[in-house]
Amino acid sequence: MKKTVLIVYSQLYDTSALALKEIFENDNGFDVVSVFDKQYDNFKLISLYNGMYKFTYRYMPTFNNIVINLPTAEVTRKKDSEGNDAPYKANSETFQRWRKFDNISMRFDADYVICATPYAVHKAVVAREKYNLKGKIFALITDYALQNNFISHDVDGYFVITQKCKKALIDKGIDENIIYVVSMPLKQPLQMKRSKEDVRKQFNIRNELPIITMVGGRYGSKYLYSALESVSENKDYNFIVIDGGNSSIEKKFKKLGKKDGMYVSNNVYFVKSGNEMERAYYISDCVISAPTSAITYEVLMRKIPLLLIDSANNVETKNSKFLVAGGYAYSAINKERLTIALEKYKKDRKEWKWHCDKQFKGNGAEQVLACIKAIDKGEDPQECLVIKEVVEEELVKDANNNQVVPNAVSDPANANANIVKKKRRWFGSK
C-alpha cells in the first residue's frame, strides 16, 4: 500500500518544493499531495502578506525582515494547573485562518509531511497534536544559514543544505540524528540539444563577446537595476538581464541612456520570462545575482562564476556571507566591488571550479526521497547519504620523496594490506 506524502510550501519560493513533488511522483512509491499557501490559508490574508513582502523587498529592506517573521504560527501555549503545556483543543481556539490547514491535514492524514516554510512547520505540528494524526513532520530549510523561526522541537527531522545550518540547529537543542544534510533539491537541468552558437542567436546576440547573465530573484528589481547601472558603460561583455516580467528595469535603463554625456552599452538584452534561465546559464561566462539560495545553488552547481549583488533582508545577507566567506562567490554590492570581481573571477576560475565542485553537487531531491524511503523501512536515514565506498591507497614517501603504496613492491602478497576503504558521503555529511 502506498504511503502519502504531503508537501506544504509558499509560492514566494517554491523551487525546491516543486522539485520534491516531481521526484516523489516519478518514483511511483508514494501518493503525493502538494499545497501552497493560497490553498491552505485565508486568500485575502495571504495576498496581503505577499504584497507586503514584495513591496518591502523592493523598496523597504529593513521592514522586510519584520514581514518575514509575521506568518510564523507558533502560538503561545496555555498552561494547566501544574504549569505544564496544555494540549491544543480540536475546535481551534487560535486563529480562524488555521481551519483550512487543519482540514487539509485531517483529510489526507499523510504519513510524511514536508514543510518548506516556518509557518507550515508550526501549523503541521499543532494540527498533528490537535487531531492525533499519524504523520511524521519534516522541515526543509534551503537557505545556507538558519532562520530561527524554523525551529520546532516537535518535528521528526530537518533537511538542511549546509553543515553550518546543522550546527546552528544542534546549538538550539535539536537532536543531530534527525538533521539530514543534503544538496539543494532542484529539478534536473535541461539537456541542451542546440549548440551554444545557436542559443546565442536565439537571444539575438550576434557578436563574440563573453556573456554575463543578471538575475535579481523574483522581487529584487531595485538591486538588479543598481548592478545594471554599474556596468552600463561596459563594452567588454554582453549582458542578459532576466527581469521576470518587471518592465521598470528596462524603462529606467533606457532613460539612463538619454542622459547627457552618458554612454550606455548596446550589448544589453532584456528577457521577460524566468523560464529562459536554463538557456541563459548554458551560454553564460558569469552570473550576477541576488543572494537567493535556489538561484545561487543552480549557478554554482553548473560551475559558473557567481557575483552577488546587495541583499534585501537578513536571510539573503546570511546567504551572501556564507558564499563570499567560503570562497564560492564574489561580492558585487557596489560598482567598485563589481568592477574588481569582474577582473578577479577570470584569474581564479580553475582553482575556483575545483573548490566549488567539492561543495555543490548531487541531487538533493533524490537524497530526500532516499531518506524518506529509509525511514519508511525502519532503516537509518543517515546511511542513505552514503553513496559509495571508494578504495583509497595510503601513500607514503620513499627515499626519493616519491609517494608509493607501502609494501606494494617489496611484498606483493601484502600489497593490499594498506588499502583502506573509506565511505564517501553526499555533500555536507560527515
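The values are calculated or read from the model by the stated rules, or taken from the named source; none is laboratory data. What you see is a predicted model; the values in this text were computed from it and never measured. A quick note on method: Cβ atoms are made from the backbone with ideal geometry, for glycine too, and the neighbour counts reach across all protein chains shown. Protein only, heavy atoms only, side chains kept; ligands, DNA and RNA dropped before computing areas. Shrake-Rupley method; radii C 1.70, N 1.55, O 1.52, S 1.80 Å.
Summary table below
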quantity: FRET efficiency for Asp357 and Gln11, using Cβ-Cβ distance with R0 set to 25 Å, rounded to 0.05; calculated: 0.15
quantity: Given charges at Cβ of Lys, Arg, Asp, Glu: segment 127-195 dipole, positive-most of Tyr158, Tyr131, Met184; calculated: Met184
quantity: Rounded accessible area per residue of segment 188-258, 1.4 Å, Å²; calculated: 53
quantity: Amide H contacts of Lys3 (H built 1.01 Å from N, under 5 Å, at least 5 apart or other chain); calculated: Asp31
quantity: Relative contact order, percent, segment 97-142 [alpha-carbon distance under 8 Å, six or more residues apart]; calculated: 46
quantity: Whole-percent carbon and sulfur share, accessible surface of segment 93-238, 1.4 Å; calculated: 45
quantity: Pairwise Lys count, segment 278-350 - Cα closer than 17 Å, eight or more residues apart or different chains; calculated: 5
quantity: For segment 223-228, Karplus couplings with θ = phi - 60° (6.51, -1.76, 1.60), whole Hz, Gly/Pro x; calculated: 7, 5, 5, 4, 5, 5
quantity: Asp380 paired with Met106, simple spin-label distance in nm, labels 7 Å along Cα-to-beta-carbon; calculated: 4.1
quantity: Cα gyration tensor shape for segment 319-390, rounded if a/c is under 1.5, else prolate or oblate; calculated: prolate
quantity: Efficiency of FRET from Cβ geometry, Lys251 and Glu197, R₀ 25 Å, rounded to 0.05; calculated: 0.20
quantity: Pairs of Lys in segment 123-190 closer than 23 Å at Cα, counting only those 8 or more apart or on different chains; calculated: 8
quantity: Residue among Ile333, Thr213, Leu323 farthest towards the positive dipole end of segment 192-351, charges placed on Cβ; calculated: Thr213
